[in-house]
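Colleague: Let me give you the structure first, and then I'll get to my questions.
The values are calculated or read from the model by the stated rules, or taken from the named source; none is laboratory data. These figures come from a predicted structure and were not determined experimentally. All Cβ positions, even for glycine, are placed from backbone atoms using ideal geometry, and neighbour counts span all protein chains on display. Surface areas here come from the heavy atoms of the whole protein model, side chains and all, with no ligands, DNA or RNA. Shrake-Rupley method; radii C 1.70, N 1.55, O 1.52, S 1.80 Å.
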Amino acid sequence: MTTPEELRYTEEHEWVATREGALVRVGITEYAQDQLGDVVFVDLPEVGKHLDAGDVFGEVESTKSVSELFAPVDGEIVAVNAAVSESPELINSDPYGEGWLVEIRLDDPAGLEALLEAEAYQALIAG
């Protein structure tokens, strides 16, 4: 399993990539997509929606189950990846690249400090 070192992670198996300014990009991890199986549908929020960390912001449906997506940080949705709505299999084929889900403008960049580093996430999924 790939766990890119430059990303932060949640216990709910989402990754967070820091972008320019106070923006982050969010997706689900390789581990999560592997556990889900073939992703067939993604429900993502509207641009402009404000989230608090822990809020449900969408769902990923696979041939095995439906999983809720949880906001890793406080902030506003500024972009959604329309490509995964049209081709949900991108989450399986490229979870850390083309399979990203949303971009969030952080309310407070310090919120990233609460997220797991790669080593801690690897320990979580190995457990």
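Colleague: Criterion first (closer than 21 Å to Met1 by Cα, among the hydroxyl-bearing types (Ser, Thr, Tyr), modelled with pLDDT of 95 or more and more than 14 Å from the chain's Cα centre (by Cα)) does Ser67 satisfy it?
Modeller: Details: closer than 21 Å to Met1 by Cα: yes; among the hydroxyl-bearing types (Ser, Thr, Tyr): yes; modelled with pLDDT of 95 or more: yes; more than 14 Å from the chain's Cα centre (by Cα): no.
So Ser67 does not fit the description; no.
Colleague: Next question, about the same structure. Pull out all pairs, ordered by first then second residue, where Cβ-Cβ is under 8 Å, the residues are six or more apart or on different chains, the first lies in segment 103-127 and is under 12 Å from Val16 (Cα atoms) and free of Cβ contacts under 8 Å to residues at least 60 places away in the same chain, and the second is of a type in the set (A, V, I, L, M) and open to solvent by less than 70 Å² (accessible area, probe 1.4 Å).
Modeller: Close Cβ pairs satisfying both conditions: Gly111/Ala53; Gly111/Val73.
Colleague: Could you figure out which of (1) more than 21 Å from Ala126 (Cα to Cα); (2) open to solvent by 30 Å² or more (accessible area, probe 1.4 Å) isn't true of Phe57?
Modeller: In the conditions (1) more than 21 Å from Ala126 (Cα to Cα); (2) open to solvent by 30 Å² or more (accessible area, probe 1.4 Å), Phe57 misses (2) alone.
Colleague: So for segment 42-53 (the condition being open to solvent by less than 80 Å² (accessible area, probe 1.4 Å) and closer than 22 Å to Leu124 by Cα), does at least one residue qualify? Show your work before the answer.
Modeller: As a first pass, look at segment 42-53 and keep what is open to solvent by less than 80 Å² (accessible area, probe 1.4 Å): 42-45, 48, 51-53.
Applying the additional criterion that residues be closer than 22 Å to Leu124 by Cα yields 53.
Taking every residue of segment 42-53 in turn, at least one turns out to be open to solvent by less than 80 Å² (accessible area, probe 1.4 Å) and closer than 22 Å to Leu124 by Cα.
Colleague: Kindly establish whether Glu6 is part of a loop (DSSP other than H, G, I, E, B) and touching a Leu at 6+ places or on another chain (Cβ under 9 Å).
Modeller: Values: part of a loop (DSSP other than H, G, I, E, B): yes; touching a Leu at 6+ places or on another chain (Cβ under 9 Å): no.
Spelling it out, it is not the case that Glu6 is part of a loop (DSSP other than H, G, I, E, B) and touching a Leu at 6+ places or on another chain (Cβ under 9 Å).
Colleague: Also, I was wondering about something else. Please go through segment 88-126 and give me each residue that is open to solvent by 40 Å² or more (accessible area, probe 1.4 Å) and over 22 Å from Val60 (Cβ atoms), ordered by number.
Modeller: Within segment 88-126, Arg105, Asp107, Asp108, Pro109, Ala110, Glu113, Ala114, Glu117, Glu119, Ala120, Ala123, Ala126 meet the criteria.
Colleague: Here are the criteria: (1) in contact with a Gly (Cβ under 7 Å, 6 or more places away or on another chain); (2) closer than 16 Å to Thr10 by Cβ. Tell me which single one Glu68 does not satisfy.
Modeller: Here Glu68 meets the rest and fails (1).
Colleague: So which residues in segment 50-65 are within 18 Å of Ala32 (Cα to Cα), touching a residue at least 24 places away in the same chain (Cβ under 8 Å), small (Gly, Ala, Ser) and in a loop (DSSP other than H, G, I, E, B)?
Modeller: Of everything in segment 50-65, just one residue is within 18 Å of Ala32 (Cα to Cα), touching a residue at least 24 places away in the same chain (Cβ under 8 Å), small (Gly, Ala, Ser) and in a loop (DSSP other than H, G, I, E, B), namely Ser65.
Colleague: Let me ask you something else. Considering (1) part of a loop (DSSP other than H, G, I, E, B); (2) surrounded by fewer than 18 Cβ atoms within 10 Å (Cβ to Cβ), say which one Ser85 fails and leave the rest.
Modeller: All conditions are met except number (1).
Colleague: Please determine, by comparing only the residues of segment 13-34 that are out of contact with any helix residue (DSSP H, G or I) (no Cβ under 8 Å at 6 or more places or on another chain) and either in a helix (DSSP H, G or I) or at pLDDT 95 or above (or both), which one is surrounded by the most Cβ atoms within 10 Å (Cβ to Cβ).
Modeller: Start the filter on segment 13-34 by keeping residues that are out of contact with any helix residue (DSSP H, G or I) (no Cβ under 8 Å at 6 or more places or on another chain), which leaves 15, 17, 19-21, 23, 25-26, 30, 32, 34.
Now narrow it down to the ones that are either in a helix (DSSP H, G or I) or at pLDDT 95 or above (or both): 15, 17, 23, 25-26, 30, 32, 34.
Values: Trp15: 29, Ala17: 16, Leu23: 16, Arg25: 18, Val26: 25, Glu30: 21, Ala32: 21, Asp34: 13.
Among those that are out of contact with any helix residue (DSSP H, G or I) (no Cβ under 8 Å at 6 or more places or on another chain) and either in a helix (DSSP H, G or I) or at pLDDT 95 or above (or both), it is Trp15.
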